[in-house]
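Any read-out appearing in this document is the output of simple, stated calculations on the displayed coordinates, not a laboratory observation. Keep in mind the model is a prediction, meaning the values are calculated, not measured. Positions of Cβ are generated from backbone atoms using ideal geometry, with glycine treated the same way; all protein chains shown enter the neighbour counts.
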Amino acid sequence: MGITKSSESVDFKGFLSYKLHTNFLSRFSLWHNYFMSEKSLGMKNKEKYLSEGKKIPKCVNKGCDNDVIVRDWKYFSFKHVCSNCKNAEQKGLSPRKGVTSYKKNFCENKDSRLGFQCPVSEDFNFPMNVLHGDHIDGDHENNKSDNLQTLCSICHHIKGHKSGDFNSATKGRDLS
């Protein structure tokens, strides 16, 4: 129900909504221009990394030569597989033809290599998303097969917290 003024109906609710919307867009535009004119630390790190001639690590899976997923440029944190291999794994599919996954279907800490034995029974059938790829030395750029192991999420978390390599945001961490 509107107010009539010279036989025209004025919709105050719609008008107010329109004014609020245009005011929001105007303020958002100012905010966006101000904050987005500065490059983020992540973008600066990416540009520096690439300008120094460094390359994004390659997928660890045998037969795959794709770049790995970049988890975070702010702290130079890389995954160990590419998006194609990760997507196939998440969907429960086999790797594409010619590619062999390095990941095992069990936790390699069953031999107590981490100083404690995996608490999960050896005959447990792990879903692949519960098994993590771990960089033994904590260096996410070192994707050599002898630097990788498959750990269950429990062992991976314990190892990461004990060693400190679980937190890629550690101040001063230099992976490059």
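Some points to look at:
- Pairs over the 22 Å Cα-Cα cut-off, from the set Lys62/Lys104; Lys54/Lys74; Lys44/Lys144: Lys44/Lys144.
- Among the trypsin sites (Lys or Arg not before Pro) in the range 49-91, those located in a DSSP loop and surrounded by at most 15 other Cβ atoms within 10 Å of their own Cβ are Lys54, Lys55, Lys74, Lys91.
- Shape category assigned to the range 81-122 from the gyration tensor of Cα positions, a/c cut at 1.5: prolate
- Cα shape, the range 41-163, gyration tensor, a/c 1.5 rule: oblate
- Lys110 paired with Asp139, simple spin-label distance in nm, labels 7 Å along Cα-to-beta-carbon: 3.0
- Label separation (Val130 vs Lys48): 4.1 nm, computed from points 7 Å beyond Cα along the C-beta direction.
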